[in-house]
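Structure first, commentary second.
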Amino acid sequence: MSKSKSESKKSTNLKIRQRRIFSESFKRAKVQELTAGLYTVHSFSKLWEVAPYTVYRWIYKYSPQHKQAGAPVRHNYGCTTRK
């Protein structure tokens, strides 16, 4: 007997996560725990299944002592414009 196409293909076990939205109060509480040293960013992201990039965004947004430095602004003083 021959196998059907669906049986012959390799099975992929992709885990599709549903997008979650955390409340601002949850984020603030977790940032306080992170800055107090209860978690590392890596362990926190594994525990809550959140990308480390997202955790750093929360830290920059909700922690007063961890502000992200902005990009320097370049000015062209003395630059002449073409007519």
Original post:
With (1) at pLDDT below 90; (2) in contact with a helix residue (DSSP H, G or I) (Cβ under 7 Å, 6 or more places away or on another chain) as the list, and residue 34 as the residue in question, which single condition is left unmet?
Top reply: (1)
Original post:
Within the stretch 44-68, how many residues turn out to be loosely packed, with under 13 Cβ neighbours inside 10 Å and charged (D, E, K, R)?
Top reply: 3
Original post:
List, please: which pairs have Cβ atoms under 8 Å, are six or more places apart or on different chains, and start with a residue in the stretch 38-66 that is touching a residue at least 12 places away in the same chain (Cβ under 8 Å) and end with one that is of a type in the set (Gly, Ala, Ser) and surrounded by 12 or more Cβ atoms within 10 Å (Cβ to Cβ)?
Top reply: 55/45
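The values are calculated or read from the model by the stated rules, or taken from the named source; none is laboratory data. Predicted model only: the values in this text are computed from it and were never measured. We place every Cβ from the backbone using ideal geometry, glycine too, and count neighbours over all the protein chains shown.
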